[in-house]
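Visitor: Supplied in structure tokens, the structure appears directly below.
The values are calculated or read from the model by the stated rules, or taken from the named source; none is laboratory data. From a predicted model like this one, the values you see are computed outputs, not experimental measurements. Every residue, glycine as well, gets a Cβ built from its backbone with ideal geometry; the counts of neighbours run over all protein chains shown.
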Amino acid sequence: MGKTIDIIKKTRTVPEEVKEKRKEFVRIKKLIIKSLKEGPKTIPQIAKESSVPAVEITYHLMTLRKYREIITGELDDMDEYFSYELNNTK
Amino acid sequence: MQEENKNREFDVLVIGGGIAGQESSLNLANMGLEVLLVEKDYSIGGKMIHLSKVFPTLDCSACIATPKISETARHPNITIFTYSEVKDIEKSGKKYIARVIKKPRYVKEELCSGCQECEFVCPVYVPDQYQYDLVGRKAVYVPFSLANPRVAAIDIDNCILCGACEKVCPTEAIDFTMEAEEIEIRFKAVIIATGFNLFDAHNKPQYGFGKFKNVVHSMQMERQLVPTRPFNAVLRPSDGKMPDNIAYVLCTGSRDKSVGNPLCSQVCCMYSIKQAQLLMGALPLADVTIYYINIRAFGKGFCEFYQQSKTMGVEFVKGKVAQITETENDNLIVRYEDIFEGKVKEAEHDLVVLAVGALPNPDVPDMFKNEKVELGEFKYVKQVDRFACPARTSMEGVFVSGTAAVPLDIPDSILSAGAASSEVNSYIKKLGI
């Protein structure tokens, strides 16, 4: 039996806005992963390095954390910021 | 299974699968009546399943809600349609006929095991409505961890049609050919348990929600306090910093004629006090300030709970917040009138929580064909005999349960559901059919 995705593709197209949003997520995801390859970092550190607003990094990083691509590291000495690192066990 | 549902007869149609709808359904089912519970969301559970703790006992909300959800889902006299909506209801002799639309979730409920394999391979990320947009979710997803049924669904509007989910599904549950199904149901009585809507904080632009990164609403904070939280700890959305000076702005969208809602929402004072206590536990060094007009601690144990929060160090400021502005470091300046001192003051916080109120659900009146269920002054379903028969509405055989009638806390919603189910049982017995 064929896959049902082939049937829906005949009647439905993907809106450009959806494609663009996905591209944007992938772009920021790559920047976060690139930054964390060097070692654990806090959200402001990743934001500064990638030139992406910290609020955007928070959203994307927490989403990646939800899907276990990133794990939580240590809290800094000032008890303000957690560091995050790549989940190399995944 | 779906064929069997067509043209079925039930004793009672319950619209809404929140705590009031579940309680009404269970009571009626235990009386031996056949109940159809229609829920518009992917899961039953309503708002309660997303809460952290309940006030004033600080019991785990999910620990109370999940047994009831399971009991509802497993009861032999209750049929549940999730992701379904009542299109219309029409009177037919002594009975009613409803047309219910079962929307396609593109996942066969009977086959999905909730393993989330599809979710992990899906390449699309969109804001997660069950975490109030604080994090993302996939286009195919199990709505939330305690969902019942725990079945995935495809958000077709955000799906890029890559087919990855269908490839990996071990039970071949993914089915992109699913279509909406219209089902005709006959029944003797209906309970409206459609609950309330949260006030949209965007409609109070002077508070900066959606504009200032560290202004969140109370359900976003509630999610931050549950074990299945969006972040690893309570954090500021702007930069992931642990906040140490948090403000609550009570009556955001309640007791406020300027936004068209003069009613008190009944729960905001107490849930804010509850959250403040939980924050003191999660962030022991943080200061929490609650800006209020009046603290309405009217229920059993509420006043003691309020006093307890004071002894824990929560600061209460009697003052109406006029405006919130943002500083360069994403902190927030709260401008308020100190009512005791009669002065306008400003205070700086690093996170502001807007205690949003309850609004009536506007979907109710249009469900009924040829007739409309009457609404009260504040657009909730009108209780025509509030003291003698609190569940009775303007239409014969149509009853109301929970916050569809008036803002209520959880215990009062359950009481209201009990009243509705006993009134429905009496009505059906008198009907004699």
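Visitor: With the requirement that a residue be facing chain B (nearest Cβ under 7 Å) and farther than 30 Å from residue A:49 by Cβ, what does the stretch A:13-29 give you?
Guide: The answer is A:14, and nothing else.
Visitor: Within the stretch B:284-304, is even one residue within 14 Å of chain A (Cβ to nearest Cβ), out of contact with any strand residue (DSSP E or B) (no Cβ under 6 Å at 6 or more places or on another chain) and without any contact (Cβ under 8 Å) to a residue 40 or more places away in the chain?
Guide: yes
Visitor: Here's another thing I want to ask about it. Return only the number of the condition from (1) within 8 Å of another protein chain (Cβ to nearest Cβ); (2) of a type in the set (Asp, Glu); (3) within 14 Å of the chain's Cα centre (by Cα) that residue A:79 does not satisfy.
Guide: Condition not satisfied by residue A:79: (3).
Visitor: Out of the stretch B:210-242, which residues are within 21 Å of the chain's Cα centre (by Cα), more than 7 Å from chain A (Cβ to nearest Cβ) and outside any helix (DSSP H, G or I)?
Guide: Scanning the stretch B:210-242 gives B:210, B:215, B:216, B:217, B:225, B:226, B:227, B:228, B:229.
Visitor: Taking residue B:177 as meeting all but one of (1) within 14 Å of chain A (Cβ to nearest Cβ); (2) free of Cβ contacts under 8 Å to residues at least 40 places away in the same chain; (3) surrounded by fewer than 20 Cβ atoms within 10 Å (Cβ to Cβ); (4) over 26 Å from residue B:140 (Cα atoms), write down the number of the exception.
Guide: (4)
Visitor: Among the residues of the stretch A:47-88, how many are of a type in the set (Val, Ile, Thr), surrounded by fewer than 21 Cβ atoms within 10 Å (Cβ to Cβ) and in contact (Cβ under 8 Å) with a residue 24 or more places away in the chain?
Guide: Of the residues in the stretch A:47-88, 1 are of a type in the set (Val, Ile, Thr), surrounded by fewer than 21 Cβ atoms within 10 Å (Cβ to Cβ) and in contact (Cβ under 8 Å) with a residue 24 or more places away in the chain.
Visitor: Looking at (1) part of a loop (DSSP other than H, G, I, E, B); (2) under 21 Å from residue B:119 (Cβ atoms); (3) at the interface with another protein chain (Cβ under 7 Å from one of its Cβ atoms), which one does residue A:72 not meet, given that it meets all the others?
Guide: Result: residue A:72 passes all but (1).
Visitor: Taking the stretch B:67-106, which residues are hydroxyl-bearing (Ser, Thr, Tyr), within 30 Å of residue A:12 (Cβ to Cβ) and in a strand (DSSP E or B)?
Guide: B:84
Visitor: Which of (1) more than 22 Å from residue B:44 (Cβ to Cβ); (2) more than 12 Å from chain A (Cβ to nearest Cβ); (3) not in a loop (DSSP other than H, G, I, E, B) does residue B:167 not meet, given it meets every other one?
Guide: Residue B:167 satisfies all of (1) more than 22 Å from residue B:44 (Cβ to Cβ); (2) more than 12 Å from chain A (Cβ to nearest Cβ); (3) not in a loop (DSSP other than H, G, I, E, B) except (2).
Visitor: Do we find that residue B:336 is surrounded by 15 or more Cβ atoms within 10 Å (Cβ to Cβ), under 25 Å from the mean Cα position of the chain (by Cα) and assigned by TED's automatic domain parsing to the domain that holds residue B:203 in this structure?
Guide: no
Visitor: State yes or no: is residue B:135 in contact with a Gly (Cβ under 7 Å, 6 or more places away or on another chain), aliphatic (A, V, I, L, M), crowded, with 18+ Cβ neighbours inside 10 Å and on the phi < 0 side of the Ramachandran plot? Steps first, please.
Guide: Values: in contact with a Gly (Cβ under 7 Å, 6 or more places away or on another chain): no; aliphatic (A, V, I, L, M): yes; crowded, with 18+ Cβ neighbours inside 10 Å: yes; on the phi < 0 side of the Ramachandran plot: yes.
No; evaluated as a whole, the condition is false for this residue.
Visitor: Here is a further query. Return the residue satisfying two criteria in turn: it lies in the stretch A:1-41 and is in a loop (DSSP other than H, G, I, E, B) and of a type in the set (Gly, Ala, Ser), and of such residues it is surrounded by the most Cβ atoms within 10 Å (Cβ to Cβ).
Guide: Applying the filter and picking the extreme gives A:39.
Visitor: Among the numbered criteria (1) under 24 Å from the mean Cα position of the chain (by Cα); (2) farther than 29 Å from residue B:183 by Cβ, which one does residue B:121 miss?
Guide: (1)
Visitor: Turning to a different aspect of this structure: Scan the stretch B:333-385 for residues that are touching a residue at least 60 places away in the same chain (Cβ under 8 Å), part of a strand (DSSP E or B) and more than 30 Å from residue B:235 (Cα to Cα) and jot them down.
Guide: B:360, B:368, B:381
Visitor: Consider the stretch B:413-433. How many of its residues are touching a residue at least 12 places away in the same chain (Cβ under 8 Å) and either within 30 Å of residue B:198 (Cα to Cα) or among the aromatic types (Phe, Trp, Tyr) (or both)?
Guide: Count: 12.
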